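Notes follow the structure.
The values are calculated or read from the model by the stated rules, or taken from the named source; none is laboratory data. Predicted, not measured: the structure shown is a model, and the values here were computed from it. Every residue, glycine as well, gets a Cβ built from its backbone with ideal geometry; the counts of neighbours run over all protein chains shown.
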Amino acid sequence: MVCRKDFEAIGTHWCIDLPEALDAQRVECVLKKIHDRIEEFDRAYSRFRVDSIVTQMSQQSGRFAFPADSASMMTFYRRLYDLTDGAVTPLIGNVLSDSGYDAAYSLQQKSMMVPKAWDEVIRFHGESIETSEPVLFDFGAAGKGYIVDIISDLIEAEGINSYCVDAGGDMRYRSVVDEPLRVGLEHPIDTKQVIGVASIVNRSICGSAMNRRAWGDFHHVIDPRTLTSPKHVLAVWVVAETTMIADGLTTALMFATPHVLLQEFDFEYAIVHADLSLSVSSSFPAEFFVT
Amino acid sequence: MTNSVKRAAIVVAALLPILVLGWFVLKPEDSASSETVATTSPSGSTNTVPPAAPGAAGSGAQTSVTITPASSTTASVTTASVSTYNDGTYTANASYNTPGGPQDLGVSITLKSDVITEVTITEGAKDAVAQKFQDQFAAGYRVLVVGKNIDDVQLTKVSGSSLTPGGFNDALNAIKVQATV
C-alpha cells in the first residue's frame, strides 16, 4: 500500500494511502470525490469561512438545514456533553473566538463569556438545528475525526478496503491482510521525539496535545465553565472503532475520568500528564518508552 | 479470578491506610479503633482484610472496599511459566471516613503475569486535603515517559498535536516579531 497522496484541507495536512494496484486514473477520480466531500463538510461546519452554515448561525437565530450526516455527530456531541458535565460542547465557538482563536487568527484575547447550556440554545431535529439566539458553533472536538470517517466510508464505497486516511495525525486504517500500522506517539514537549509506538490494525487512532496550537494562556481546548485551558494533561491518545469517537474522547478525557467514559464507549487510551507521567489503559496497543 | 480479586483487595486495603494515615498525620484529632471491611463481587465471597497498621497516631478510619473486575483476559498457560493470578484489570471503589468527612476513592489495578502493571485513581476525594494525598498516591504509581528521536524509531506515521494551519502559525510568528521589536 504505497500510493500516497498529500494535500492541505480544513487547516491540516492530509495524507491518504491507497493500494498501489489502483491505476492512476482511478486514483485521481477517487481523490476528486474526496476533495469535493471535504469541501462540502467545510462549507457546513467551519467557523473559519464566511459562507458556512456555522457562520450564518453566528449571525442569526432560527432553523438551519444541516447535512444529512450531522445527526450522528450531534448525537455524539450530546453524549460527550452529558458525560463531561457540559465541558465538551459545540457552543464553545464564541469562547475560542474571544480567546483569540478567531477566523482571523488574531490571537488577541477579548472579554470572554461562559456559554449557555445546550438545552437553552439548541433544538436538534435530525437534519436541522434550531437555535434560540445567534451562536458560534465549533466542531473542533470531534469534527475532524468525523470527516476522516466520512472519507473512509467514501473510499470503501469505491470498493477499496485497504487504506489509511490521516488528517494531521488523526487517522483511520484498514488492511485486508491485517498488516499493522506503526504510529509514533509524538513527544508532547519535543516534537522531534516520540514517547512510544502504537500498532494499529483496522481501527482509528487520534491524538491531542497542547503544545502546538497554543497562544497566550490558552491552547485549542478551553473549559467553557472556567474559561481556562486545562494544564494537567500534555497529550492524550485514543484508539477506537471510529475516528469520530477516538477524536471526541481525546478532548473528553481532559474533563472526565476514563472510568466514566468507558461506561459508554469502547476505547483504549494513553494520557501523558503535566509531570510526564503516563496513564494507559490495559490494552492500549502500544509500546511506550518510560523511565 | 477469586485469587486475583483477593489480591487486588489486599493491595487496595494495604494502600488505603497510607492515605488515611497521611490525613491523620496532618490533622490528628480523633482516636478510635480502626476497622476495615472488604467485599468482593461477583463471587459474593467476603474477605476481611487486616485492620490498618497499629500504632499509628489515632486512626479512626473505617474503610469499605468493593471490587469488581473491569475486564479480564484468560492467562495463557501453555508454557512452563504459569501465572498465579488471571491477567486483567480490576477496579475497586472505596469510601473511608476522615475528620473531613467520608471520602471516595476508586482504584483500577492491572495485573499481567502476576505483576501489577498499572494502578490508576479513577474517582477523586471530595476534600482538598484527602485529594492531595490521593494525588500523591497516584503519582507514586506512575511511570514517566521519555522520548526517543523519531529518526531512531521505525515508523509509518506520527500522531500528536495536529500540524497547525498556516494562518495560525503566521499569526503566532507575527506576535513573536511584535514582541521582539
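Assorted remarks:
- Screening A:Cys206 against (1) assigned to a strand (DSSP E or B); (2) over 30 Å from A:Ala103 (Cα atoms) leaves a single unmet condition, (2).
Residues checked against (1) at pLDDT 90 or above; (2) more than 11 Å from every other protein chain (Cβ to nearest Cβ); (3) in contact with a helix residue (DSSP H, G or I) (Cβ under 6 Å, 6 or more places away or on another chain):
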position	(1), (2), (3)
A:Lys231	no, yes, no
A:Thr243	yes, yes, yes
A:Gly248	yes, yes, yes
A:Leu253	yes, yes, no
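- Selection within the range A:113-128 - of a type outside the set (Phe, Trp, Tyr) and surrounded by fewer than 18 Cβ atoms within 10 Å (Cβ to Cβ): A:Met113, A:Val114, A:Lys116, A:Ala117, A:Asp119, A:Glu120, A:Arg123, A:His125, A:Gly126, A:Glu127, A:Ser128
- Count - residues of the range A:87-109 that are closer than 14 Å to A:His219 by Cα, of a type outside the set (S, T, N, Q) and without any contact (Cβ under 8 Å) to a residue 24 or more places away in the chain: 3
Residue-wise test of (1) under 28 Å from A:Pro224 (Cβ atoms); (2) in contact (Cβ under 8 Å) with a residue 12 or more places away in the chain.
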position: A:Asp85; (1), (2): yes, yes
position: A:Asp138; (1), (2): yes, yes
position: A:Lys144; (1), (2): yes, yes
position: A:Asp153; (1), (2): no, no
position: A:Ser175; (1), (2): no, yes
position: A:Arg182; (1), (2): no, yes
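- Filtered residue count, the range A:237-266, keeping only those that are more than 22 Å from A:Arg172 (Cβ to Cβ), under 20 Å from the mean Cα position of the chain (by Cα) and polar (S, T, N, Q): 1
- Condition met for A:Ile195 (β-branched (Val, Ile, Thr), in contact (Cβ under 8 Å) with a residue 12 or more places away in the chain and either more than 7 Å from chain B (Cβ to nearest Cβ) or closer than 30 Å to A:Pro115 by Cβ (or both)): no
- Residue match in the range A:218-231 (condition: part of a strand (DSSP E or B), among the charged types (D, E, K, R) and more than 16 Å from the chain's Cα centre (by Cα)): yes
- Which listed residue, of A:Thr291, A:Thr251, is within 21 Å of A:Thr89 (Cα to Cα) and in contact with a strand residue (DSSP E or B) (Cβ under 8 Å, 6 or more places away or on another chain): A:Thr251
- Scanning the range A:14-48 for residues that are in a loop (DSSP other than H, G, I, E, B) and surrounded by 14 or more Cβ atoms within 10 Å (Cβ to Cβ) yields A:Pro19, A:Leu22, A:Ser46, A:Arg47, A:Phe48.
- Within the range A:267-283, considering residues that are more than 10 Å from chain B (Cβ to nearest Cβ) and within 21 Å of the chain's Cα centre (by Cα), the one nearest to A:Leu80 (Cα to Cα): A:Phe267
- Test set (1) of a type in the set (D, E, K, R); (2) within 19 Å of A:Tyr163 (Cβ to Cβ); (3) in contact with a helix residue (DSSP H, G or I) (Cβ under 8 Å, 6 or more places away or on another chain); (4) assigned to a loop (DSSP other than H, G, I, E, B) - A:Asp51 fails condition number: (2)
Each row is one residue, and each column tells you yes or no for (1) of a type in the set (Val, Ile, Thr); (2) within 11 Å of chain B (Cβ to nearest Cβ); (3) farther than 24 Å from A:Asp102 by Cα.
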residue	(1), (2), (3)
A:Arg123	no, no, yes
A:Ala141	no, no, no
A:Lys144	no, yes, no
A:Asp166	no, yes, yes
A:Arg182	no, yes, yes
A:Glu186	no, yes, yes
A:Thr191	yes, yes, yes
A:Ile200	yes, yes, yes
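- A:Tyr173 being at pLDDT 95 or above and in a strand (DSSP E or B): yes
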